[in-house]
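Note sheet for the following structure.
Taken together, the values in this text are just the output of simple stated rules run on the coordinates, not laboratory data. Fair warning: this is a prediction, and the values are worked out from it, not measured in the lab. Cβ placement follows ideal geometry from the backbone for every residue including glycine, while neighbour counts extend to all protein chains displayed.
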Amino acid sequence: MMIGPTVTIGRRRRRSGGGGSLPVVPLGGLITFYGDGTGSEGAAPGVRNWPAWALQAMGGSIMPSEGWMQCKSGETLDGVFARRHAALKQAPNIFVYASDGHNDGLKSSGWSAQFTKWERNLDAVVAGLPSTTRIVVMPTLWTSVSGETTGGNWRQIVQDAQVAKVTALQAIHGARIILFNWWTAINSFGPYDFTTGANASDNNVHANALGGWTLGNMLAEILKPHITTATKDAILADTAAKTWRGANIYAERAYTGTTGALAGSVAPTGQVATTHTLTNNLTNGTGVTVTAAKVAQSGYDQQRITVSGTPAAAQTIRFARSSNMTITGGAPGTYFAFMCGLRIENGSGGPAAGLDNFGLSLGSPNALFSNANLGAFGFSNPLPAVIDGVFLCPPDAWFANDTAVAPPTLDFNFDAVALSAQITIERPQVFQLYTNARTAPWYIGDDTIVGANFQARLTGTGVTGAGLPSAGTITAATVTTVRVEPGNWSGGGLTFSRVMRRNGAVVSGAFSTGWTYAMGGQVVAGDVIAIDVTATNSFGSETRTLTFNVV
């Protein structure tokens, strides 16, 4: 696997080329990933998967769509097809039909029947998306699950058939269809080969940290001729509201001042930006030091963290705002992203050593981590390259509070080895996404992927039920004030309305002015309560109904 010594994310701005008759995707264009678990987040333990690396490799030029992660672990070809609407209705600028079929035995002697299903899925993607959407097709990754049986080179046979299908679609649709040929080196990245073990996959199934790095950067290289790119400085300096996002609302983006806090088991030394805290959770093994410094730039400061020594155990260093920031306008159903500039090296211009993984988070509903093991961007040591670019925490819909609060946070997880790392953080941004309508609303909770927090649901004392599509119950004797949550919706520029019906009749005033309703004393056992949640924008409206039996 060829990996260059330094990867700098976002160095040129392209205005034309690579798209044929299609216009180049503008800054802030959206991308969606769709397929089985070989592309899902956290499928490999402790590791963010390759689509997240692709986002970062495009340096903030392309944003994830509302339900950008439509790859589901363990999914079959039929299952992927059944939930296609939640992916296709998002109508992004770029749609990646990622690896699909390895759970079905696609690459085996029974490949023909499964290949027909793969073709069906791809045809549905092409037919279901706007003609301006670029469609990237990724032939099924070779894995041990998709392994060959005797009697034929099924991997190659299926790959050839998939490439032939893509070629036929390109003859019809031109530059709209893009082949992701992961088995061929693309510039300094790839080829991807799961059999290279530690450098590619976990148990020869999912891409591991370095495999994800490879695949994500390969996809970014393929897409660069099709998108408008900008330098790291241009992306981070531009804080005004744009047609594709709201303005930056992180008041401390300049990292000014030196009165921030130092905390931890081995206390850091140095200067920390005002209103922020640097916490060192590394326990001392041999000579552990964590030093903070401010680096002045034109109009802003960078926060630098230097780490050395050998800790007694793997642990984290956290840099975060010391208290929650209030996100004005953070009503349920709105989306906010956290973005910043980040450079990770060893202090001498080479790759850092000892950093296992890292990630960004913005409050409990919006985290880059894929699981409790800090599953963000993980690596074997040392890192494959100097990391330098714009990193984005993909947004999820806010819930539970009309005014959202969150502490923008960066976590760095180090192994119990000799450490040599210099981390430079700059110009954090928090901004709203999907402020403008681009397509009709659709409820992403239909995808069976998003968790209960992001489904339309009713909460409160006396209420049970996980949210759509589950049914629920309301206990008349104990119910008090209840709250309805809209969950994740796509379409952009959305407004929400709520209507409650009791035994078919509209309850006047219920949820009319907000997301809560004093239900205590308003229902009796035997009632059937239905709550309609409707999302509306200039393209139309869509409704989902929560139904509860009162006991």
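Largest first and in whole Å, the equivalent-ellipsoid semi-axes of segment 70-194 read 23, 18, 14, each the square root of five times a Cα gyration tensor eigenvalue.
Over all pairs of different C-alpha atoms, the chain has a mean inverse distance whose reciprocal, the Kirkwood radius, equals 24.6 Å.
What is the extension gain from V295 to T464, computed as 0.36 nm multiplied by their sequence separation minus the C-alpha to C-alpha distance, in nm to one decimal? Walk me through the numbers on the way to the answer.
Numbers: separation 169, 0.36 × 169 = 60.84 nm, distance 5.20 nm.
Length gained between V295 and T464: 55.6 nm.
Residues whose amide H falls under 5 Å from that of V136, counting only those 5 or more places apart or on a different chain, are F95, V96, Y97, I178, with hydrogens built in the peptide plane. Fewest neighbouring Cβ atoms within 10 Å first, the residues M500, M58 line up as M500, M58.
Backbone amide hydrogens, once placed in the peptide plane, bring G347 within less than 5 Å of Q422, excluding anything fewer than 5 places away on its chain.
What is segment 176-316 by shape, rounded, prolate or oblate, if you read a ≥ b ≥ c off the alpha carbon gyration tensor as root eigenvalues and call it rounded for a/c under 1.5, prolate for a/b larger than b/c, and oblate otherwise? Note, shape of segment 176-316 comes out oblate. Karplus-based coupling profile of segment 263-273, in residue order and whole Hz: 8, x, 5, 10, 4, x, 10, x, 10, 10, 4, with θ = phi - 60° in 6.51 cos²θ - 1.76 cosθ + 1.60 and x standing for Gly or Pro. Rounded to the nearest Hz, the phi-derived 3J(HN,Hα) couplings of segment 103-120 under the Karplus curve 6.51 cos²θ - 1.76 cosθ + 1.60 (θ = phi - 60°) are 7, 9, x, 4, 9, 8, 5, x, 5, 4, 5, 6, 5, 4, 5, 4, 4, 4, where x marks glycine and proline. A cut-off of 5 Å between modelled amide H atoms, ignoring neighbours fewer than 5 places along the same chain, links Q271 with A292, A293, K294. Computed over segment 202-258, the alpha-carbon pair-distance distribution with 10 angstrom bins reads 17, 28, 27, 23, 5, each value a whole percent. Between T547 and T448, what FRET efficiency follows from the Cβ-Cβ distance if R0 is 25 Å, with the result rounded to 0.05? Given R0 = 25 Å and the Cβ-Cβ separation, E is 0.85.
What fraction of the Cα pairs in segment 442-550, stated in percent, has a spacing above 17 angstrom?
Numbers: 3005 of 5886 pairs.
Result: 51 percent of Cα pairs exceed 17 Å.
Placing dummy labels 7 Å off each Cα toward the beta-carbon, the span from S538 to S131 is 2.2 nm.
Hull surface divided by four, with the convex hull built on the Cα atoms of segment 385-463: how many nm²? Working shown, then result.
Values: hull surface 40.9 nm².
Mean projected area for segment 385-463: 10.2 nm², to one decimal.
Please arrange S298, S322 by counting, for each residue, the other beta carbons lying within 10 Å of its beta carbon, fewest first. Intermediate results must be reported in sequence, preceding the final value.
Working: S298 5, S322 15.
Ranked by crowding around the Cβ, least crowded first: S298, S322.
Counted over all Cα-Cα pairs of segment 237-433, pairs farther apart than 31 Å make up 15 percent.
Here the 3J(HN,Hα) profile of segment 245-254, calculated from phi with Karplus coefficients 6.51, -1.76 and 1.60 at θ = phi - 60°, is 7, x, 6, 4, 10, 8, 5, 9, 4, 7 Hz, Gly and Pro shown as x.
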